[in-house]
Amino acid sequence: MTDRVRATASVTARLPAPAHFVLGLGILLGFAVLGQALVTTLHLPLPGSVTGMALLWAALGARVFRLHWIADAADGLLGILGLLFVPATVGFLGYLSAGAAWGWWLLIMTAGLLFGAGVAGLLASRLEREDT
Amino acid sequence: MIWITVTLLAFALGVVVQSRLRSPLANPTLIATLVVAALLLLVRVPYATYLRDVGPLQGLLAPAVVALAVPLYRLRALLARQWRALIVGGLSGTLSGVAVDVSLARVLHVSDDAQRSLLTAPATSPVALQLAHFTGAPPVLAATLAVLSGLLGALILPPFLSALGVRSPLARGLAIGAVAHGVGTARAREEGELTGAASSIGMGLAALLVTLVVAGLSRG
C-alpha cells in the first residue's frame with residue numbers, strides 16, 4: 001500500500017508544471033464537490049468549501065494526498081483569493097435603495113469587527129506559547 | 001464574458017494602485033468592487049445579469065477556500081503547538097463580534113431584516129446564506145452584509161490591531177479571520193503565510209460557532 005503511494009508520488013513528482021497545475025485544480029475541485037455533497041446529505045449548516053478544506057487538511061495529514069500534487073494550484077488560487085470575492089461584494093448594488101440605513105449597518109459592523117478582533121487578538125497574543 | 005474581463009482588469013488596476021499607494025484603503029478587492037459597481041450603474045446592467053456573466057469566476061471560489069488547507073498543512077507543527085491560543089482566542093473573538101452586532105442592532109432599532117442579517121455577518125457569506133433559513137433574514141441581504149463586513153474588516157483591522165499592540169502574526173491572523181472571514185483572510189495572507197493560516201483557522205471556527213449560536217437561538 002505505502003509502496004504504491006510512493007510509486008505514484010515519484011511519477012507525479014516528474015510531471016511537467018502545467019500537468020501539476022491541472023492535477024491540483026482537479027483535486028481541489030474534487031474536495032469542494034465532496035464537501036458540498038457531505039453537507040447536503042448530512043444536512044450540516046456549514047459551507048461545503050470550508051468542509052472540503054477540513055477534509056483536504058485531514059487527507060494531507062493522513063498522507064493519503066501529497067502536498068506537491070496540489071501546491072502549485074493552491075498557491076495560484078490563493079494568490080487571487082481577493083479577486084474571487086468581487087462578484088459577491090458587488091452584491092451591495094441590490095440594496096442601494098436602503099439608503100441611509102447603510103450608515104447604521106456599517107456602524108454596527110464596524111463596532112462588531114473592532115470589538116471581536118480586539119478580543120481575539122489580545123487573548124491570542126496573551127495565550128500564545130513562547131517556546132518556539 | 002465581458003463582465004469577467006471588466007472584473008479581472010479592475011482587480012489588476014487595484015493591485016497596481018495598492019503597490020503605488022501603500023494605504024490600507026487601497027485594497028484590490030475594494031477598488032475592483034467600486035469600479036465594477038460604477039460601470040454597472042453607468043450602463044444600467046442589473047446585478048443578476050452581472051452575476052450570471054461572472055459565474056465561472058465565482059466557481060473558482062470553492063476550490064480556493066479548499067486550498068486554504070495547504071498553508072494549514074505546511075504550518076501544522078506550529079499551529080498544533082498553539083491550539084489553545086487559536087481556539088480560545090478565535091471563539092471569544094467571534095462571540096464578542098456577534099454579541100456587539102446583535103445588541104447594537106437592537107439598541108439602534110434597525111429593521112428586523114437587517115437585525116437578523118447582522119447576526120451572521122461575522123461568518124463567511126456561504127454560512128450566512130445557509131443560516132438565513134433559520135434566522136428568517138432575507139438570504140441575499142445576509143450574504144451581502146457578511147461579505148461587506150469581511151471587506152470592511154480587511155480595511156480597518158490591520159491598522160487597528162497594530163494600534164492595540166497586537167504584533168504576533170498568529171494573533172493578528174486569528175483576529176482578522178474570526179470576524180472578517182474570507183476577504184479578511186485574503187488580506188491577512190498579504191502579511192505572511194502564518195498570518196493567513198491563522199486567519200483560515202479563525203474563519204473555520206467562526207463558521208462553526210455562528211452556526212451553533214443560530215441553532216441554539218432557533219431552538220430556544
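Quick note: the coordinates plus some simple rules give every number you see, no bench work behind them. Remember, predicted model here, so these are calculated numbers, not experimental data. Cβ coordinates were reconstructed from backbone atoms using ideal geometry, including for glycine residues, and neighbour counts include every protein chain displayed.
A few points about this structure:
- Panel order for A:Phe21, A:Phe92, by other beta carbons found within 10 Å of each beta carbon, from fewest to most: A:Phe21, A:Phe92.
- Calculated FRET efficiency, B:Thr5 to B:Glu191, Cβ-Cβ distance, R0 = 41 Å: about 0.85 to the nearest 0.05.
- Distance between the range B:149-220 and the range B:39-78 - C-alpha centres, whole angstrom: 18
- Tensor-based shape of the range B:46-105 (alpha-carbon gyration tensor, a/c under 1.5 rounded, otherwise prolate or oblate): oblate
- For the residues of B:92-99, the average number of beta carbons from a partner chain within 10 Å of their own beta carbon is 6.
- Hypothetical label at B:Ser19: residues of the range B:191-209 whose amide nitrogen lies under 18 Å (7 Å Cα-Cβ projection): B:191-192
- At R0 = 30 Å, FRET efficiency that the Cβ-Cβ distance of B:Ala80 and B:Ser111 yields, to 0.05: 0.10
- With both labels modelled 7 Å from their Cα along Cα-to-Cβ, the A:Leu106 to A:Arg129 distance reads 4.4 nm.
- In the protein assembly as shown, helical runs assigned H by DSSP with n ≥ 4 each contribute -39500 (n - 2.57); averaged across all residues and rounded to the nearest 500, the mean residue ellipticity at 222 nm is -26000 deg cm²/dmol.
- Shape class for the range B:1-137: oblate, because the ratio a/c of the largest to smallest gyration tensor axis (alpha-carbon atoms, square roots of eigenvalues) is 1.5 or more and b/c is at least a/b.
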